[in-house]
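What follows is a single structure, written as structure tokens, with notes after it.
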Amino acid sequence: MDIQLVGITVLWVFLYGYLITASIDFGAGFFAYYGELTGREHIINKIISRYLSPVWEVTNVFFVFFFVGLVGFFPDTAYYYGTALLVPGSIAIVLIAIRGSFYAFGNYGAKKSRVYTFLYGVTGLLIPASLSTALTLSEGGFIEEVNGEVIFLAGELFSSFYSWSVVLLAIVSVLFISAAFLTYYASRANDEPALELLRKYALFWSVPTILSSILVFVALQQHNPVHFEETLDYAWFFIASLFCFLIATYFIFNKKRYGTAFLFVMLQFFFAFFGYGISHLPWILYDYITIYSGYTNETTGVYLIVAFIAGLCLLVPSLILLMRLFLFDAEYVKGNKS
Amino acid sequence: MDELELDSAMLSRMLTSLTLGFHIIFATLGVGVPLLISLAEFIGIKRNDPYYTLLARRWTRGFVVTVAVGVVTGTAIGLQLSLLWPNFMQLAGQVISLPLFLETFAFFFEAIFLGIYLYTWDRFKKPIYHWIISIPVIIGSTLSAVFISTVNAFMNAPQGFTMVGGVLTDIEPLVAMFNPATPTKVGHVVMSAYLTSAMVLAAITAFSMLKGKRSIYYKKALKLTMTAGFIFAIGTAVIGDFSGKFLAEYQPEKLAAAEWHFETKENADLVVGGFLDRETEEVKYGLVLPNFLSILAHGNPNSEVMGLDQVSEDEIPPLFIHYLFDGMVGIGMFLAALTFFYMIALRTKRFNVENNWLLRLIVLAGPLSVLAIEFGWIFSEVGRQPWILWDILRTGHAATTSDSVGLMFILFLLLYIVLGTLCVTVLRKMFKTNPAENELEEITRTK
């Protein structure tokens with residue numbers, strides 16, 4: 001395996017980690033707000049805040065890790081994406097900043113405020129929408145280099161069918177992943193009313209994830225036929241994804257094995273995400289950067305890999321400890337320990 | 001002066017300064033406050049003193065809010081490096097991405113254990129287990145500061161590569177990371193963060209005492225923070241002196257600009273404050289300390305100190321950094337003197353350490369120490385101009401070419417105003433609705 005491939009795989013794994021943890025967080029924000037609007041906040045908000053409070057910062061680090069690593073392994077991405085994404089990137093930063101700090105203000109501060117919950121809910125949908133455009137851009141056609149100057153074709157992006165299909169998939173997936181996880185969390189907490197409500201949300205958003213995935217394939221075929229052809233070579237990834245989806249929904253629908261169900265939701269997105277990633281290779285930015293052309297020098301690359309392995313030896317046990325304390329400790333989940 | 005033109009490079013500098021200037025307040029507290037919390041918790045356990053434990057708990061509650069702002073603004077500056085300085089990141093990223101990457105690991109480590117620390121106060125049978133969790137938090141936050149400071153050190157003293165016709169070869173990431181600026185930069189950043197955090201917590205305590213809250217709880221808080229502040233002030237001063245000597249050797253033009261030292265000569269004098277006449281290059285109304293610049297630069301009153309006459313006109317940093325340098329050093333000395341005086345008063349018991357005037361000075365020391373951090377960073381960054389990567393890459397050539405930077409500046413200015421205001425409001429409300437007195441009552445009752 002080339003070192004470039006190792007590098008992009010590491011980054012992709014972390015982006016997948018962010019996809020799952022952040023989806024839970026983003027979706028939870030939306031459900032919390034929706035709960036308040038419909039007068040059901042007392043049912044689900046305790047569950048949500050018990051899970052989110054200790055881990056929201058960790059979620060954020062997955063993202064930081066991904067973009068610092070991306071620029072580290074592939075410095076050319078800083079040049080192309082950096083120049084092109086100033087405005088959308090800044091908007092995403094502002095949304096993330098509002099979300100993170102307002103969560104702290106609302107939850108650790110003196111008292112809850114409706115404004116905080118509103119912003120927390122809305123940013124939960126806007127952030128995935130804006131971040132997903134980075135993946136859209138990577139398909140090419142939205143960034144152009146003319147006479148050594150990188151230009152972002154914002155008009156193209158906003159009028160692109162493909163771009164909107166990705167946004168739709170991102171939002172729907174966030175809500176499905178989040179609801180599936182919170183269903184499991186509520187079942188661990190033996191919180192029947194919350195479980196019943198969250199299970200309904202999970203089922204409601206299940207079919208739309210598949211429909212919007214299909215929509216993305218259709219749009220991709222129009223937008224980047226080369227990439228679409230490639231995805232067909234890796235079709236088994238997407239079939240496996242669909243299969244995992246069916247198992248997950250089967251369990252949730254039949255009210256059993258919520259933990260296994262969530263595991264299969266994770267697998268569903270794992271296969272889809274990695275199938276998308278592999279078929280996208282070697283391109284990081286279509287027609288401009290590949291993992292080979294944009295790669296940093298050999299020495300730095302090796303150092304980064306070594307640092308990554310050393311760091312992982314530290315992080316994995318720490319993450320397991322975190323999960324044991326707040327995810328798998330039945331007493332904490334039930335709210336008997338705080 | 002064409003420097004003041006509002007082109008995208010200038011606007012990028014302004015936006016970066018804005019984000020860094022705001023972030024650094026929270027980052028500094030993020031590095032230092034965990035150490036003080038851990039100290040308080042440890043003393044509380046060892047002496048079985050519930051006042052110190054309460055102190056640790058209350059500081060933690062406030063800390064969570066500042067940490068959140070630190071995390072989100074840190075994410076902002078992390079992304080802005082690529083968004084505003086794409087050419088710099090493309091070039092320097094080849095060499096210096098290792099510590100940037102390591103910094104995210106340290107941050108990751110800190111975030112995990114901070115989450116655990118916050119929500120496990122009563123979960124362990126032995127309180128010392130909870131205290132142990134604070135150690136990885138301190139290690140993580142301090143290492144974050146260490147790694148990110150090596151990146152800034154590299155910008156001041158780049159090495160570990162060879163540049164041939166705009167292409168970097170012979171890259172050695174570790175040599176780049178451990179450049180000559182690293183020891184003093186890292187030491188100064190970490191120690192001054194500890195100092196500032198101690199002084200901010202001391203100032204909050206003194207403020208409460210001035211409002212008439214004089215129970216033993218506040219006395220213990222003041223004693224802890226001022227004692228820690230004294231140690232960190234001495235540490236900061238010693239490392240600060242080494243930083244001066246580093247500048248004299250590796251970035252002499254930065255020192256010369258900071259000291260308005262125009263003519264290369266031996267027995268150089270140090271000028272504090274004053275006004276500069278740019279035509280005659282004379283300083284008026286400044287306090288002249290004979291031979292002190294030679295001592296500061298090389299530790300020897302007879303040594304020669306390079307002046308700005310050796311620097312080509314277009315490589316001289318802006319001369320207003322003189323005031324920033326003096327401000328930073330002046331505040332540092334004030335903090336050292338204040339904490340020293342407090343220690344003497346505490347030991348000899350001749351002087352009342354809760355004298356209102358002393359408390360007022362301590363209240364003043366809080367914001368002043370934060371100001372010194374700001375002065376220090378602006379001095380360090382502006383003093384490196386016109387370079388973003390010293391002697392390699394000019395700032396003007398590294399910035400984005402986008403026309404939207406000005407608009408983004410306004411967007412972020414608004415964001416920081418909102419975050420800053422809300423952060424202060426939330427903190428004030430939090431401690432007002434649940435004053436220490438409520439929790440103190442519980443302690444006295446259980447005792």
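Structure summary
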read-out: Odd one out for residue B:23, checked against (1) surrounded by 21 or more Cβ atoms within 10 Å (Cβ to Cβ); (2) more than 22 Å from the chain's Cα centre (by Cα); value: (2)
read-out: First in the range B:141-164 and farther than 13 Å from residue B:91 by Cβ, second anywhere and among the acidic types (Asp, Glu) and part of a helix (DSSP H, G or I), Cβ under 7 Å, 6 or more apart; value: B:141/B:110; B:144/B:103; B:144/B:110; B:147/B:103; B:148/B:103
read-out: All positions within the range B:429-438 that are away from chain A (no Cβ under 11 Å) and surrounded by fewer than 15 Cβ atoms within 10 Å (Cβ to Cβ); value: B:435, B:437, B:438
read-out: Sole residue being touching a strand residue (DSSP E or B) at 6+ places or on another chain (Cβ under 7 Å), within 12 Å of chain B (Cβ to nearest Cβ) and among the polar types (S, T, N, Q), chosen from A:83, A:123; value: A:83
read-out: Filter result (at pLDDT below 85 and over 22 Å from residue A:134 (Cβ atoms)) within the range A:265-297; value: A:297
read-out: Unique residue being out of contact with any strand residue (DSSP E or B) (no Cβ under 6 Å at 6 or more places or on another chain), facing chain B (nearest Cβ under 7 Å) and closer than 28 Å to residue B:15 by Cα when the list is A:67, A:102, A:62; value: A:67
read-out: Residue within the range A:162-178 that is in contact with a helix residue (DSSP H, G or I) (Cβ under 7 Å, 6 or more places away or on another chain), without any contact (Cβ under 8 Å) to a residue 40 or more places away in the chain, in a helix (DSSP H, G or I) and surrounded by 17 or more Cβ atoms within 10 Å (Cβ to Cβ) present; value: yes
read-out: Residue B:122, sole failed condition from (1) more than 24 Å from residue B:198 (Cα to Cα); (2) buried (at least 23 other Cβ atoms within 10 Å of the Cβ); (3) modelled with pLDDT under 90; value: (2)
read-out: Criterion (at pLDDT 85 or above, within 19 Å of the chain's Cα centre (by Cα) and either surrounded by fewer than 21 Cβ atoms within 10 Å (Cβ to Cβ) or at the interface with another protein chain (Cβ under 7 Å from one of its Cβ atoms) (or both)) met by exactly one of A:92, A:97, A:22, A:28; value: A:97
read-out: Residue tally, condition crowded, with 21+ Cβ neighbours inside 10 Å and in contact with a Ser or Thr (Cβ under 7 Å, 6 or more places away or on another chain), over the range B:162-185; value: 5
read-out: Some residue of the range A:156-163 being among the charged types (D, E, K, R) and within 14 Å of chain B (Cβ to nearest Cβ); value: no
read-out: Verdict on residue B:167 being within 24 Å of the chain's Cα centre (by Cα) and within 26 Å of residue A:305 (Cα to Cα); value: no
read-out: Residue in the range A:79-102 that is without any contact (Cβ under 8 Å) to a residue 12 or more places away in the chain, of a type outside the set (D, E, K, R) and farther than 23 Å from residue B:100 by Cα present; value: yes
read-out: Wholly within the range B:166-279, strands (runs of 3 or more DSSP E) carrying at least 2 residues that are small (Gly, Ala, Ser); value: none
read-out: Filter result for residue B:57 (within 28 Å of residue B:432 (Cα to Cα), surrounded by fewer than 22 Cβ atoms within 10 Å (Cβ to Cβ) and at pLDDT 90 or above); value: yes
read-out: Residues being closer than 12 Å to residue A:118 by Cβ and either outside any helix (DSSP H, G or I) or not hydroxyl-bearing (Ser, Thr, Tyr) (or both) - total across the range A:18-46; value: 5
read-out: Residue count, the range B:74-118 (criterion: under 20 Å from the mean Cα position of the chain (by Cα), in contact (Cβ under 8 Å) with a residue 60 or more places away in the chain and at the interface with chain A (Cβ under 7 Å from one of its Cβ atoms)); value: 1
read-out: Among the candidates A:243, A:270, residue that is touching a residue at least 60 places away in the same chain (Cβ under 8 Å) and among the hydrophobic types (A, V, I, L, M, F, W, C); value: A:270
read-out: Residue selected from the range B:346-364 under the condition farther than 19 Å from residue B:213 by Cβ and free of Cβ contacts under 8 Å to residues at least 40 places away in the same chain, by the criterion surrounded by the most Cβ atoms within 10 Å (Cβ to Cβ); value: B:351
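Residues checked against (1) out of contact with any Cys (no Cβ under 9 Å at 6 or more places or on another chain); (2) farther than 25 Å from residue A:46 by Cα; (3) within 14 Å of another protein chain (Cβ to nearest Cβ); (4) without any contact (Cβ under 8 Å) to a residue 40 or more places away in the chain:
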| residue | (1), (2), (3), (4) |
| --- | --- |
| A:237 | yes, yes, no, no |
| A:251 | yes, no, no, yes |
| A:262 | yes, no, no, no |
| A:266 | no, no, no, no |
| A:274 | yes, yes, no, no |
| A:292 | yes, yes, no, no |
| A:296 | yes, yes, yes, no |
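This table checks each residue for (1) within 9 Å of another protein chain (Cβ to nearest Cβ); (2) of a type outside the set (A, V, I, L, M).
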{"residue": "B:368", "(1), (2)": "no, no"}
{"residue": "B:371", "(1), (2)": "no, no"}
{"residue": "B:386", "(1), (2)": "no, yes"}
{"residue": "B:398", "(1), (2)": "no, no"}
{"residue": "B:407", "(1), (2)": "yes, no"}
{"residue": "B:411", "(1), (2)": "yes, no"}
{"residue": "B:419", "(1), (2)": "yes, no"}
{"residue": "B:427", "(1), (2)": "yes, no"}
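Yes/no per residue for (1) farther than 14 Å from residue B:32 by Cα; (2) buried (at least 21 other Cβ atoms within 10 Å of the Cβ):
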| residue | (1), (2) |
| --- | --- |
| B:190 | no, yes |
| B:194 | no, yes |
| B:205 | yes, yes |
| B:210 | yes, no |
| B:213 | yes, no |
| B:221 | yes, yes |
| B:231 | no, no |
| B:234 | yes, no |
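Yes or no, residue by residue, for (1) hydrophobic (A, V, I, L, M, F, W, C); (2) out of contact with any Leu (no Cβ under 9 Å at 6 or more places or on another chain); (3) farther than 30 Å from residue B:422 by Cβ:
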| residue | (1), (2), (3) |
| --- | --- |
| B:55 | yes, no, no |
| B:71 | yes, yes, no |
| B:78 | no, no, no |
| B:81 | yes, no, no |
| B:87 | no, no, yes |
| B:93 | no, no, yes |
| B:100 | yes, no, no |
| B:106 | yes, no, no |
| B:111 | yes, yes, no |
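The values are calculated or read from the model by the stated rules, or taken from the named source; none is laboratory data. Remember, it's a predicted structure, so these values are computed and weren't measured experimentally. Every residue, glycine among them, receives a Cβ derived from its backbone with ideal geometry; neighbour counts consider all protein chains shown.
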